[in-house]
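What follows is one structure encoded as structure tokens, with my remarks underneath.
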Amino acid sequence: MEPLISIRIRDPHRRFQPGEELQCEYQLDAVDARDVLALEASVLWHTEGKGDEDLAVQYFERLVPADVEGRDLRALRRLSTVLPNSPLSYLGVTVKIRWCVRVRAFLRRGKEVFFEQTFVLGELPPARAVAGDEVAVAAVDDEPDDLE
Amino acid sequence: MARIFRLWEKKRGDRRTGSQLVGGLGEALFFGILFLLGALSLAYLVVSRLFLAAPQLYQPGFGFWVMVLVMVSFTLIGGSGVVYTVLQVGTSAERRSAIALRAADIDLLSEALATQREFPTIPRDANLTNSPGIRLAYRLPVTHAGPWVLFAATAFFLVWNSITAVLVMVAVRSHMSQRPEWLLTLFVLPFVIIGIWATYYFFQQMLLHTGIGPTTVEISDHPLVPNCVYRVFLSQAGRLSVRSLELTLVCDEETTFRQGTDIRTQRCRVFSQRVFIEENFRIEPSAAFERECELAMPANVMHSFRAKHNAIHWMLVARGEAQSWPVFERCFPVIVYPARMSRERG
């Protein structure tokens, strides 16, 4: 059975402005405590699209059993970080920038599992390619799920 | 099992479908063998030189030092490859990014780079604001492919026409000596046609580069922020009968990706807004064309962005069509900050 990772971002809309604080809870489950070698939680942006992927973390925390009480990494944990001014979430034509909270667990025998929960930084509308001189910025979409 | 021993796997940039662990082991094995080969051969080479009767090839001289150089390079490439692979295996992309961020933070402690820390991934505008304008605050630097196109056209023109000249001489000589080489003559004809085109293109580029006067763009403030209004001044010098000259604000997405062993870059225009257009007028050397106007930055647009493989560029593009001249285009990059900056300023 695959281990389960759950991530819950406090703000149910999962939309943030630069400088706001992101708070979230995460937990690892359905795995024996002795099988978990390390747990990494990060808040990061990464690109998607035609180009090779770029990635940068805003917040990063790595825990090993020795760091926690009872050597059990499965307990519910919280993280909070102030989001930066840039880059904003962006849905371009060939470049997409997505923000997410990612939790990665390192298990025995070199096994790794991860789960991520996306959120939106800023409120930019999706862009689309232009032909000629027309202005081509589509209307604002209010649904954060579009970024998933 | 099939996942481990598959013969082919998909790969795009750094991403691949196979097991990362197996891939890492394969890489480590390859570099390890290279390291051992280099180190053992180097040791044998040195020992045989010092203590044994070395074969002729390994005697001090050109061959000996070439062998030393090759073996040292094997050792260095293999050794660094093993260290790099070991560091990569078992380390997540997030952890590597966090390590890189901490290293970058040491540099960013200086005040000069404070904006880089305040607005990560937005390029600095120091190179765009270090030249004061005559009418407005800043004169923007121009970036265009002109010099490179002229250089390529010149190189092609010289190389191609040199080859063609030699071939033409041989063909002409054969005709003059009453022993015509018809096959060579036919072979030379396409060379001559391409040579004529290369000559025409070279002179066209040279005229374009030197004949059309400089374009200057100045701006009242920088960096730009959405939903703000700026003053822009454009000046075009030269001796031209202009059909149209327009200034446009554009935003391009730029992606770099690996396709096989090639690295490709693709640009896609996602925003274009005309600032002004002027039609049917003359420019004299004594009276350059000058135009000052407003630039209204749109709201809700993406800011400038630059990462290793992806970028979003904003620029002002001056595009002109003049009588008896090919179309010319000159780009003036600008930096756009997120809209929040404008609220803070307001």
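Summed over region B:245-264, the residues that are within 12 Å of chain A (Cβ to nearest Cβ) and at pLDDT 90 or above give a count of 11. Taking the conditions (1) on the phi < 0 side of the Ramachandran plot; (2) of a type outside the set (A, V, I, L, M, F, W, C); (3) exposed (fewer than 13 other Cβ atoms within 10 Å of the Cβ) in turn, residue B:324 satisfies each one other than (1). With the condition kept exactly as written, say whether any residue in region A:67-77 is within 14 Å of chain B (Cβ to nearest Cβ) and surrounded by 19 or more Cβ atoms within 10 Å (Cβ to Cβ). No, that holds for no residue.
For region B:260-282, the set of residues classified as of a type in the set (S, T, N, Q) and in contact with a strand residue (DSSP E or B) (Cβ under 9 Å, 6 or more places away or on another chain) consists of B:265, B:266, B:272, B:273, B:280, listed by residue number. Residue check: residue B:184 meets all listed conditions (1) in a helix (DSSP H, G or I); (2) within 30 Å of residue B:283 (Cα to Cα) but one, namely (2).
Taken together, B:223, B:214 contain a single residue that is within 17 Å of residue B:139 (Cβ to Cβ) and exposed (fewer than 14 other Cβ atoms within 10 Å of the Cβ), which is B:214.
Residues in region B:301-314 that are within 14 Å of residue B:226 (Cα to Cα) and either within 7 Å of another protein chain (Cβ to nearest Cβ) or part of a strand (DSSP E or B) (or both): B:301, B:302, B:303, B:314. Quick check: is even one residue across region B:147-160 surrounded by 14 or more Cβ atoms within 10 Å (Cβ to Cβ), in a loop (DSSP other than H, G, I, E, B) and either in contact (Cβ under 8 Å) with a residue 60 or more places away in the chain or among the aromatic types (Phe, Trp, Tyr) (or both)? No, there is no match, as no residue in region B:147-160 is surrounded by 14 or more Cβ atoms within 10 Å (Cβ to Cβ), in a loop (DSSP other than H, G, I, E, B) and either in contact (Cβ under 8 Å) with a residue 60 or more places away in the chain or among the aromatic types (Phe, Trp, Tyr) (or both).
Scanning region B:265-281 for residues that are more than 7 Å from every other protein chain (Cβ to nearest Cβ) and touching an Asp or Glu at 6+ places or on another chain (Cβ under 6 Å) gives B:267, B:277.
Can you name the residue in region A:15-39 that is within 10 Å of chain B (Cβ to nearest Cβ) and under 18 Å from residue A:119 (Cβ atoms) and is also surrounded by the fewest Cβ atoms within 10 Å (Cβ to Cβ) among such residues?
A:19
Criterion first (farther than 24 Å from residue B:97 by Cβ, β-branched (Val, Ile, Thr), surrounded by 18 or more Cβ atoms within 10 Å (Cβ to Cβ) and modelled with pLDDT of 90 or more) does residue A:43 satisfy it? The answer is no for residue A:43. If the condition is being loosely packed, with under 14 Cβ neighbours inside 10 Å and touching a Ser or Thr at 6+ places or on another chain (Cβ under 6 Å), then region B:188-204 contributes no residue at all.
Filtering region B:235-280 to residues that are exposed (fewer than 14 other Cβ atoms within 10 Å of the Cβ), over 18 Å from residue B:218 (Cα atoms) and over 18 Å from the mean Cα position of the chain (by Cα) leaves B:239, B:241, B:260, B:279, B:280. If you filter region A:81-94 down to residues that are at the interface with chain B (Cβ under 7 Å from one of its Cβ atoms) and either at pLDDT 95 or above or closer than 20 Å to residue A:16 by Cβ (or both), you find that the one that is surrounded by the fewest Cβ atoms within 10 Å (Cβ to Cβ) is A:84.
The values are calculated or read from the model by the stated rules, or taken from the named source; none is laboratory data. Remember, predicted model here, so these are calculated numbers, not experimental data. Methodologically, a virtual Cβ is constructed for each residue, glycine included, from the backbone with ideal geometry; neighbour enumeration extends over all protein chains shown.
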